[in-house]
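We did not get these values from a lab; they are worked out from the coordinates using the rules stated. Since we're looking at a predicted model, the values are computed, not measured. Quick reminder, even Gly has a Cβ in these numbers, built from the backbone with ideal geometry, and neighbours come from all protein chains shown.
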Amino acid sequence: MKYIFATLALATAFIAGTAGADDSTPEPVTVFAASSLTDVLGEQAKNWSSENKRPMPRLSFGASATMARQIMSGAPADLMLSANPAWVFTLSDEGLLKTEPVALVKNSLVLVMPGVSLPATPERAVSAQLVKQATRGGRLAIADPAVAPAGAYAKNFLEQVGLWTELEPRVAISPNVRRTLLLVERGGLPGFVYSSDARASKYVTIVGTVPEDAGNPILYMAGLTKDAAPDADQFLAYLIGVQARAVWEKYGFVPLDLK
C-alpha cells in the first residue's frame, strides 16, 4: 500500500465537501494523536477553531498502538494522527477509515542528554560509539517499542548498530515519548526522543540525530474514521494546507511539500 501524500487539490476537495454543511453548531471533532503532537496540535486546533468559527477539537494523546486498538474496539474518534504509518494502515485494512491514509509531516529521532550545558549538535549523526559515550555503562531511556513508535524507531536503530542486546537489560521503558523526555529531564538519563520534543524542552541537549537511513524518515499519517463528522474532514484539510505550515515548522516538524 502506498502513501497518499497531501496536496493542495486534496485540501480543496475536503473543504469543498463541507461547504454545504448544516450551519447548526456541531459536536467537537475528536482526535486521537501521537503524544509527540501534544504541543503543536494544540496550537493548530486553536487556530483552526478560531479561523473557522468551529468548536475546539477534543484532543486525546497517547501511544499509537493503544489508540489504534481503542478505535478498533469502538472508541468514538473522528481522526487519528500516528507517528507509525502501520497503525493507520491497519485501521484502513480493517475497513475503519472513510478515505485512504494521508501523509502529514516528518520528524526525526535524536539522542538527548539532560541539561543544557553542552553545545547542541543536532547535525552530528548518532553512532554506536556516541550511544556508548552517552550511557557510560548506565541506563538509556526510550519509549516502549511495543506500543510507541519512538521506541520502535530507537530499538530498530540500536539493533542496526549492534547495541540492542547489550543495552536491553539497562533500558528504561516509558509508555510514550513524552514520558521518555521526562526521564531525561528529571531522571538524568540519556535517551531517544523526537527532534520536535527535544527542541521544545529547556532541559535537554541534542547530542546527535539518527541518520535517515537508520530508521528515518519518521512519517506521521492521518486517517479519517468511517463515521467521521464533516468538521473532521475540514480540520484535516487545514492540517495539510499551507496555512498550518508555519506552526508545524515552529515546533520542529517538517511539512511535506505541497504539489
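So here's what we get for this one:
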quantity	calculated
Where Rh is the Kirkwood radius over Cα pairs, Rg/Rh for the chain	0.99
Spatially proximal aspartates and glutamates relative to LYS202 (Cα-Cα < 16 Å; intrachain offsets below 8 disregarded)	ASP39, GLU185
Relative contact order [Cα under 8 Å, 6+ residues apart], region 109-214, whole percent	50
Derived scalar couplings ³J(HN,Hα) [region 233-242; Karplus, 6.51 cos²θ - 1.76 cosθ + 1.60; whole Hz; x for Gly, Pro]	4, 5, 5, 5, 4, 5, 5, 9, x, 5
Extension reserve of the LYS202-ALA86 stretch, reckoned as 0.36 nm per residue once the Cα distance is removed	38.6 nm
By average C-beta atoms within 10 angstrom, highest first, the peptides 201-207, 102-108, 117-123, 228-234	102-108, 228-234, 201-207, 117-123
Highest average packing first - 180-189, 83-92, Cβ atoms within 10 Å	83-92, 180-189
Highest average packing first - 38-50, 149-161, Cβ atoms within 10 Å	149-161, 38-50
Under Karplus coefficients 6.51, -1.76 and 1.60, residue-wise ³J(HN,Hα) of region 35-47 in Hz, glycine/proline x	4, 5, 9, 3, 6, 5, 6, x, 6, 4, 5, 4, 5
Calculated diffusion of region 109-214, Stokes-Einstein form, Kirkwood radius summed over Cα pairs, 37 °C and 0.692 mPa s, µm²/s	251
The chain: angle of helix 8-17 to the longest principal axis, Cα-based, in degrees nearest 10	40
Karplus (6.51, -1.76, 1.60) ³J(HN,Hα), θ = phi - 60°, over region 53-67, in Hz, Gly and Pro reported as x	6, 10, x, 4, x, 7, 10, 10, 10, x, 6, 4, 4, 4, 5
Sequence-distant residues sharing a close amide H with SER174 (under 5 Å, placed H)	ILE142, ALA143, ASP144
